[in-house]
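Working notes for the structure below.
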Amino acid sequence: MKTLSKCRLKIGLLGPFYLTVNETEIRTDAWKSKKALTLLKYFATRAGQEVSADVLIELLWPDNEDVDSTGNLHTAVWYVRRILLGEENDGAAPLLYANGSYWLELPEECFDIHLFQKHVKKSRQLAKSSPEQALSHCESALALYRDDFLPEDLYEEWTISYREEFQELYFETIVRSAELLMACRGDIQGAIDILRSAVHKDPFREELYQMGIKAYILGERHVDALNLYKRYSTMLMDEYQLQPSQATQNLIAQLQNKDAKRGFHFSSNLKVKPTTGAYICDRETLQFMLETEERRLTRSGNNFSLLLVTNSESRVRNRQVTAAFHVLQRSLRNSDIISRYTDDQIVVFLPDTNAAEAKALFRRLHKALETKLPEHRLSCTLLDSESSDSMQESLAALLTE
């Protein structure tokens, strides 16, 4: 930690505990007294604050009425002091005692939690007046947050409130970082990446999804915005039988209203209710998505694929195409888009799918059709953006029909 380099002692609590004395790391598995280790963690969390001996005894030996708790505390304190002095054993240990209380006397810069809080506070204060500086403080704070507060002590009661407090500051900083990355640097992908990393810590934290949807909308990645919304709403419904908040629903409604003004309309069941399988959209919306993906392909090289399902037998046209549509919709991934493009044709849009992935998916879909509709007379054509000539020709035909 560069920010702690001037301290003779460095103590880390955001993530697994670490202690360095004169640049030498003291391994936690080398501590002979686990009570002494717990004692140091507690002092470090409350650095500079006096803690009475009675509180420490209750912390370390809550149920041991028949032991010499005072003597045990003295032994644990002695062990901590010896560790903090290091091999040179010069000077006085920073664990002090007076009037029945102990405290750890060290500069705040020696503790990652205090530096973390300082950077979070500065980022909050500077967010409007100096966003670039605020972003720098966000980055410094996140660099300090190796993991949640003392994860090895997950079930220690005294750690819970601290862990929750630092988690809240972490998520606050993640959201602010994403917002500032877009506002200051136009780094939409960087914002998405940092939000995605935070989702792993809390898959149900809604503000992460809200900011992710905003990022995708700002980047004109409307398909990704809808996919993210659907993934979150489906997960929320499955786990808690809840829908996203009105604020999150409004983001999608605004996106749909914006597209509606351009003549594109999403299927009504995308507005609030989560569904399984692929998105269902109309012809105009699919054309808009394909035009957007075509432009993205030239800029970023992101691959996508198309599945065209057609039927030319007029006497069974509606029945077979309708039945195939329902089979495919339920068999596709949540991120895919399906449209009843014409009476004779279904178009399936597979975003972020390369040729190999598309072929594997095609085999699965073809098998589903064969199983559910063994007598069908449908032809299936798979196109991928890596075969640029055939894809461009088919795209041109679809977009000009």
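All of the numbers you see were taken from the coordinates with simple rules; none came from a lab. Not measured: the values here are computed from a predicted model. FYI the Cβ positions are ideal-geometry reconstructions off the backbone, even for glycines, and counts take in every protein chain you see.
Kindly identify the range 1-74 as rounded, prolate or oblate by the Cα gyration tensor criterion: order the square roots of the eigenvalues as a ≥ b ≥ c, call it rounded if a/c is under 1.5, otherwise compare a/b with b/c, prolate if a/b is larger, else oblate. Please list the in-between numbers first.
Details: a/c = 2.75, a/b = 1.95, b/c = 1.41.
Prolate shape, in that a/c is at least 1.5 and a/b is the bigger ratio.
Between their Cα atoms, which of Lys10/Lys118; Lys34/Lys118; Lys128/Lys230; Lys35/Lys201; Lys230/Lys359 are more than 27 Å away from each other? Walk me through the numbers on the way to the answer.
Working: Lys10/Lys118 16 Å; Lys34/Lys118 30 Å; Lys128/Lys230 32 Å; Lys35/Lys201 29 Å; Lys230/Lys359 25 Å.
Too far apart for the 27 Å limit: Lys34/Lys118; Lys128/Lys230; Lys35/Lys201.
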Using amide H atoms built 1.01 Å from N in the peptide plane, name the residues 5+ places from Gln345, or on other chains, whose amide H lies under 5 Å from its own.
-> none
Distance from the Cα centre of the range 25-94 to that of the range 124-144, in angstrom?
-> 36
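How much length, in nm to one decimal, is gained on full extension between Lys32 and Lys121, taken as 0.36 nm per residue of separation minus their Cα-Cα distance? Kindly include the intermediate steps, with their values, before the conclusion.
Working: separation 89, 0.36 × 89 = 32.04 nm, distance 3.78 nm.
Using 0.36 nm per residue and subtracting the Cα-Cα distance, I get 28.3 nm.
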Of all alpha-carbon pairs in the chain, indicate the percentage at a distance above 37 angstrom.
-> 44
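Once a ≥ b ≥ c are taken as the square roots of the eigenvalues of the Cα gyration tensor of the range 114-223, is the result rounded (a/c under 1.5), prolate (a/b larger than b/c) or oblate (a/b not larger than b/c)? Write out the running numbers ahead of the final one.
Details: a/c = 2.69, a/b = 1.43, b/c = 1.87.
Because a/c hits 1.5 or more and a/b fails to exceed b/c, the range 114-223 counts as oblate.
What number, rounded to the nearest 500 deg cm²/dmol, is the helix-based mean residue ellipticity at 222 nm of the chain, given -39500 (n - 2.57) per DSSP H run of at least four residues and division by all its residues?
Numbers: 14 runs with 219 residues, N = 401.
Helix contribution divided over all residues of the chain: -18000 deg cm²/dmol.
Using DSSP to define loop residues, name the trypsin sites (Lys or Arg not before Pro) in the range 1-81 whose beta-carbon has at most 11 other beta-carbon atoms within 10 Å. It would help to have the intermediate numbers written out before the result.
Numbers: sites: Lys2, Lys6, Arg8, Lys10, Arg27, Lys32, Lys34, Lys35, Lys41, Arg46, Arg81; in loops: Lys6, Arg8, Arg27, Lys32, Arg46.
Answer in residue order: Lys6, Arg27, Lys32.
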Considering only Thr24, Ala76, Val51, whose Cα is most displaced toward the positive end of the charge dipole of the chain, charges sitting on Cβ of Lys, Arg (+1) and Asp, Glu (-1)?
-> Thr24
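How would the range 58-128 be classified by its alpha-carbon gyration tensor: rounded, prolate or oblate, with rounded meaning a/c under 1.5 and the a/b versus b/c comparison settling the rest?
Values: a/c = 3.30, a/b = 1.75, b/c = 1.88.
Since a/c reaches 1.5 but b/c is at least a/b, the shape of the range 58-128 is classed as oblate.
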In order over the range 230-246: 3J(HN,Hα) from phi, Karplus 6.51/-1.76/1.60, θ = phi - 60°, whole Hz, x for each Gly or Pro, gives 5, 4, 5, 5, 5, 5, 5, 5, 5, 8, 10, 6, 10, 9, x, 4, 4
Charge tally for neighbours of Thr45 with beta carbon under 12 Å away, counting Lys, Arg as +1 and Asp, Glu as -1, is -1
